[in-house]
Amino acid sequence: GDVMISIGGAANTPLASATDNLEDLKIQYRNIINTYELRHLDFDIEGIWVLDNDATILRAQALAELQTEWESESRDIKIWFTLPVLPDGLTGDGFSLVETTVDAGVELAGINIMAMDYGDAAAPNPEGQMGYYAIQSVESLHAQLSLVYSDKTAEEIWQMIGVTPMIGINDVISEIFTLSDAQQLTDFAIL
């Protein structure tokens, strides 16, 4: 195994939102990678931060330049994004964030989705259906990534997908992810 550090989150200000200076941002990302000798870095972008277009553009510029730098040093640093999802896929803002990042030249290793907190409108009557909703979310993400990465095979896109459910009682108290849901999601992943 290997270690992947995830930075950001709903309760924290992402580095790309805390500055408007490209060089400062690159220094911070470089320091995280070098300090922990990482080969993987995840950006957890959720809540209001998904809407921060200036940060999305700045983050993408910094990562594109750093990936060029790392490539010249023969370093393979994998970049992942952790994003909120609904059963019908990434939100419009989340999908736009991915498109903007890829269009800026960033090679994303993968997208990890947070299969939780859907709400009743997106996932009605969740009791006993959270595994199903997680699978639906994954399949929807696969379809979305197929649009972004038209040059990749279906299998290559499956390899780019991670899913994180919230086990047990969720922030939305009607959404309880049970062991049965976990088994259903695991069985799907193995296929």
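Using a probe radius of 1.4 Å on heavy atoms only, what accessible surface per residue do you get for the chain? Whole Å² is fine. Walk me through the intermediate numbers first.
On the way: 9850 Å² over 191 residues.
Value for the chain: 52 Å² per residue.
In the range 109-191, the portion of solvent-accessible area held by carbon and sulfur atoms comes to 58 percent [1.4 Å probe, whole percent, DNA, RNA and ligands not counted].
For G162, the amide hydrogen comes within under 5 Å of the amide hydrogens of I111, N112, I113, counting only partners 5 or more places away or on other chains and with H modelled in the peptide plane. For the chain, the longest principal axis of the alpha carbon atoms and the long axis of helix 53-72 meet at an angle near 60°. Shown in residue order for the range 173-182 are the 3J(HN,Hα) couplings computed by the Karplus curve 6.51 cos²θ - 1.76 cosθ + 1.60 at θ = phi - 60°: 4, 7, 9, 10, 8, 8, 4, 5, 4, 4 Hz (x for Gly and Pro).
Mind pulling the angle between the C-alpha long axis of helix 22-35 and the longest principal axis of the chain? Nearest 10 degrees, somewhere in 0 to 90. Between the helix axis and the principal axis of the chain, the angle is about 70 degrees. Max-minus-min Cα coordinates of the chain on each principal axis give 48, 33, 30 Å, with the largest extent listed first.
Summarising the amide proton neighbourhood of L86: residues at separation of 5 or more, or on other chains, whose placed amide H is nearer than 5 Å comprise T91.
Helix 130-148 axis versus longest C-alpha principal axis of the chain: approximately 40°, rounded to the nearest ten. Per the Kirkwood formula applied to alpha carbons, the range 85-191 shows a radius of gyration over Rh ratio, Rg over Rh, of 0.99. Put simply, the amide H of K78, placed in the peptide plane, has neighbours under 5 Å in H40, L41, leaving out anything fewer than 5 places away on its chain.
Which order, highest average first, do 122-130, 78-86 follow once you tally other Cβ atoms within 10 Å for each residue and take the mean per peptide? Working shown, then result.
Details: 122-130: 15.8, 78-86: 21.3.
Those peptides, ordered most packed to least, come out 78-86, 122-130.
With a 10 Å radius around each residue's Cβ, average the other Cβ atoms per peptide and rank 56-69, 155-168, highest first.
On the way: 56-69: 19.6, 155-168: 14.9.
Result, highest mean first: 56-69, 155-168.
The values are calculated or read from the model by the stated rules, or taken from the named source; none is laboratory data. Worth saying up front: this structure is predicted, and the values here are computed from it rather than measured. Positions of Cβ are generated from backbone atoms using ideal geometry, with glycine treated the same way; all protein chains shown enter the neighbour counts. Quick note on the areas: whole protein, heavy atoms, side chains included, nothing else; ligands and nucleic acids left out. Shrake-Rupley method; radii C 1.70, N 1.55, O 1.52, S 1.80 Å.
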